[in-house]
Structure formats: structure tokens, C-alpha cells
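Below you'll find the structure, written out as C-alpha cells, and then a few comments.
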Amino acid sequence: MSMNGEAVLENVRRYRTIASLYRQTAAFRPHQRDSLLTQAAEWESRAVAELEAYFVARHAPSQAPANMNHHSPSYTPSPWQMAAA
């Protein structure tokens, strides 16, 4: 099933919003922090997988560049780090 770009972006926006809510909740529930952050990472992974699937399907008829670097669906972002000013 193919989706248009707007539907994919809407899904990604929703997935990332859900992930953000899990992270916010983790800040206020220290006893559930690990579980909530795991859930947030899973929603972020869904967002990345949806974007990747869309672009791979979109470029499927043409030959993809050899140096294209895809993340696996189990992609988990690294923890947020603060940048020094």
C-alpha cells in the first residue's frame, strides 16, 4: 500500500508527538522513567521507519545510490546531549 507524502508526514508528526509526551511524562515519574523512555524510543523508531519506507518506495523504480545509509527499523536515537555555548 502506497501513501502520499502528506499522510506519511502526518503519521511521523503524530509518532513524534507521542514520543515527546512519553519523555515529558518520564520527567515527572522517576519510578517509571526507564519504561517511559523505552516507549518514547519505540515511537521515534516508528517515525524513522515510516519515513525510510516512504523514501525507499518512492525511489524504488530508479536505482538507489550505493552510498545510501539506511537505519534498521530497530534504530534508537542516542540520548540528548547539551551543546556547550
Of the residues Arg33, Arg16, Arg58, Arg29, which single one is under 10 Å from the mean Cα position of the chain (by Cα) and not aliphatic (A, V, I, L, M)? Arg16
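Conditions (1) at pLDDT 95 or above; (2) in contact with a Phe, Trp or Tyr (Cβ under 9 Å, 6 or more places away or on another chain); (3) hydrophobic (A, V, I, L, M, F, W, C), marked per residue:
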{"site": "Glu6", "(1), (2), (3)": "no, no, no"}
{"site": "Glu50", "(1), (2), (3)": "yes, yes, no"}
{"site": "Thr76", "(1), (2), (3)": "no, no, no"}
{"site": "Ala83", "(1), (2), (3)": "no, no, yes"}
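The values are calculated or read from the model by the stated rules, or taken from the named source; none is laboratory data. Not measured: the values here are computed from a predicted model. Because the Cβ atoms are built from the backbone with ideal geometry, glycine has one as well, and the counts that use them run over all protein chains shown.
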